[in-house]
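Each reported figure results from applying straightforward, stated rules to the coordinates on display, with no laboratory input. It should be emphasised that the depicted structure is a prediction, and the values quoted were computed from it without experimental measurement. All Cβ positions, glycine included, derive from the backbone under ideal geometry; neighbour counts span all protein chains shown.
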Amino acid sequence: IWLSEVILQQTRVDQGTAYYKKFVDRFPEIIDLAEAPEQEVLKLWQGLGYYSRARNLHFAVKQIMTDHDGIFPETYDEIIKLKGVGEYTAAAIASIAFGKPEVVVDGNVKRVLARMFGLEDVSKKLYNRSKEIMEKELDRERAGDFNQAVMEFGALQCTPQSPSCTRCVFKSSCYAFSNDMVDKLPVRETKKKPRKRFFSYFILHPQEKSIVLSKRSDDEIWKNLYEFPLIETTSEANADNLLQEPDFINWFGNKAGIAESSKTFKHQLSHQTIFAKYYEITNIDAKLFPEGWKVVSLDEIADYPISRLMERFLED
């Protein structure tokens, strides 16, 4: 249940199922995942995105081994202390796996209750109102079944678009249906425009059939994944601009040049749009490479966890 909840936080069921099976096959017990190197965990997660989920999952199983003797905790208060576990996931696990009287509030639940009770709140207020209603209505003897029933009702019947209102068993008591507000509830929040980012990746061959990889260490997207050396600019760069970049000169030397460049790859994330180009670099001075860069054979790239953006370039 825990693994499925983590995978489905930002992933469709049809996409996540294969990853769930891979993880269960490779790590059938908590100890198996706890003892695995992070690079292997990230490699298995590759393609799902939101890699912090995998890192947190890996950290949390180590917490379970250390703090709970390898046995998954059963109460909400214990579960929520695990790395990466929030209120929703803790309540879902406690109620579904262990029958604890905890209420679950996800997007499906909020949508059902907003329409049923005419809730016009947004964000945290909608969450709090929804939680109050769920706690009042909860079947405490069958909390897991109750939570799953409301979530499934939202996923299958009271859907975001074109819900099946005429066939709904609750239509006579539904505020939104009675007041012709089904398409207006829940109230939609204004979304911010995604931030644009411009990445220039460098393809380096210091030896025949070799390539250079760099591990992302900054605490943002794709942390601990591997990629080609990168310079990020505030606007779209070209070869002439890049040759003047201080990092370019420091990394590759004054004689380095750009032989060719790829097309621009557009990659959409939830809050940012990345425009990436890949450049083949010549006349490099490998002695200048920063510490931490890895020279690997072309065949070894498949052993390293990389982002979907990198995958797309390699597939192209």
Under Karplus coefficients 6.51, -1.76 and 1.60, residue-wise ³J(HN,Hα) of the range 3-17 in Hz, glycine/proline x: 4, 5, 5, 5, 5, 7, 4, 10, 9, 5, 4, 5, 7, x, 4
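Which FRET efficiency, nearest 0.05, do D303 and H205 yield, Cβ-Cβ r, R0 22 Å? Walk me through the numbers before you get to the answer.
Details: r = 18 Å, r/R0 = 0.83.
The calculated FRET efficiency here is 0.75.
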Shape call, the range 107-178: gyration tensor on alpha carbons, a/c limit 1.5: oblate
DSSP bridge pairs, the range 195-315: antiparallel proportion in percent, nearest 5: 65 percent
Label assignment, semi-axes √(5λ) of the Cα gyration tensor in Å derived from the structure, set (i) 30, 21, 18; (ii) 34, 22, 19; (iii) 46, 26, 15: (iii)
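Suppose the chain between Y175 and T190 were pulled fully straight at 0.36 nm per residue; how much longer would it get relative to their current alpha carbon spacing? Provide the component values of the computation, followed by the final result.
Values: separation 15, 0.36 × 15 = 5.40 nm, distance 2.35 nm.
The span from Y175 to T190 would gain 3.1 nm if fully extended.
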D183 paired with T66, simple spin-label distance in nm, labels 7 Å along Cα-to-beta-carbon: 5.4 nm
Across K21/K223; K43/K83; K191/K266; K110/K171; K21/K43, pairs whose alpha-carbon gap is larger than 22 Å: K21/K223
Estimated inter-spin distance, T166 and K287, nm [label 7 Å along Cα→Cβ]: 8.0 nm
The range 2-98, dipole about Cα centre (Lys/Arg Cβ +1, Asp/Glu Cβ -1), debye to the nearest 20: 460 debye
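Restricting to bridges with both residues inside the chain, how much of the DSSP beta-bridge set is antiparallel, in percent to the nearest 5?
Details: 18 of 28 bridges.
Bridges in the chain are about 65 percent antiparallel.
How would the range 33-87 be classified by its alpha-carbon gyration tensor: rounded, prolate or oblate, with rounded meaning a/c under 1.5 and the a/b versus b/c comparison settling the rest?
oblate
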Net dipole in debye of the range 195-315 [+1 Lys, Arg Cβ; -1 Asp, Glu Cβ; about Cα centre; nearest 20]: 320 debye
Long-range amide H partners of T159 with built H, under 5 Å: S164
Amide H contacts under 5 Å for F198, placed H, 5+ residues apart: T233, F275
Simple spin-label estimate for R140 and E315 in nanometres, 7 Å along Cα-Cβ: 5.1 nm
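For the chain, what is the relative contact order in percent, using Cα pairs closer than 8 Å and at least 6 residues apart in sequence? Walk me through the numbers before you get to the answer.
Numbers: 459 pairs, mean separation 49.1, N = 316.
The value is 16 percent.
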Using alpha-carbon coordinates, inclination of helix 87-98 to the longest axis of the chain, degrees: 60 degrees
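Can you tell me the length gained on complete extension of the stretch A149 to Q244, counting 0.36 nm per residue apart and subtracting the Cα distance? Walk me through the numbers before you get to the answer.
Working: separation 95, 0.36 × 95 = 34.20 nm, distance 6.00 nm.
Full extension from A149 to Q244 adds 28.2 nm.
Checking the a/c ratio against 1.5 first, then a/b against b/c, what shape does the Cα gyration tensor give for the range 195-315?
On the way: a/c = 1.57, a/b = 1.16, b/c = 1.36.
It comes out oblate by the Cα gyration axes.
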Tilt relative to the chain, helix 143-156 - C-alpha long axis, 0 to 90 degrees, to 10: 70 degrees
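When only Cα pairs under 8 Å and 6 or more residues apart are kept, what is the percent relative contact order across the range 107-178? Can you show the working numbers first?
Details: 56 pairs, mean separation 31.9, N = 72.
About 44 percent, as a whole number.
Which ordering of F72, F228 is given by a fewest-first count of other beta-carbon atoms within 10 Å?
Values: F72 17, F228 23.
Sorted ascending by nearby Cβ count, the order is F72, F228.
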Residues with amide H under 5 Å from that of Q272, placed H, sequence gap 5 or more: R195
Stretch gain in nm, segment L8-V296, where the contour uses 0.36 nm per residue and the Cα spacing is subtracted: 100.3 nm
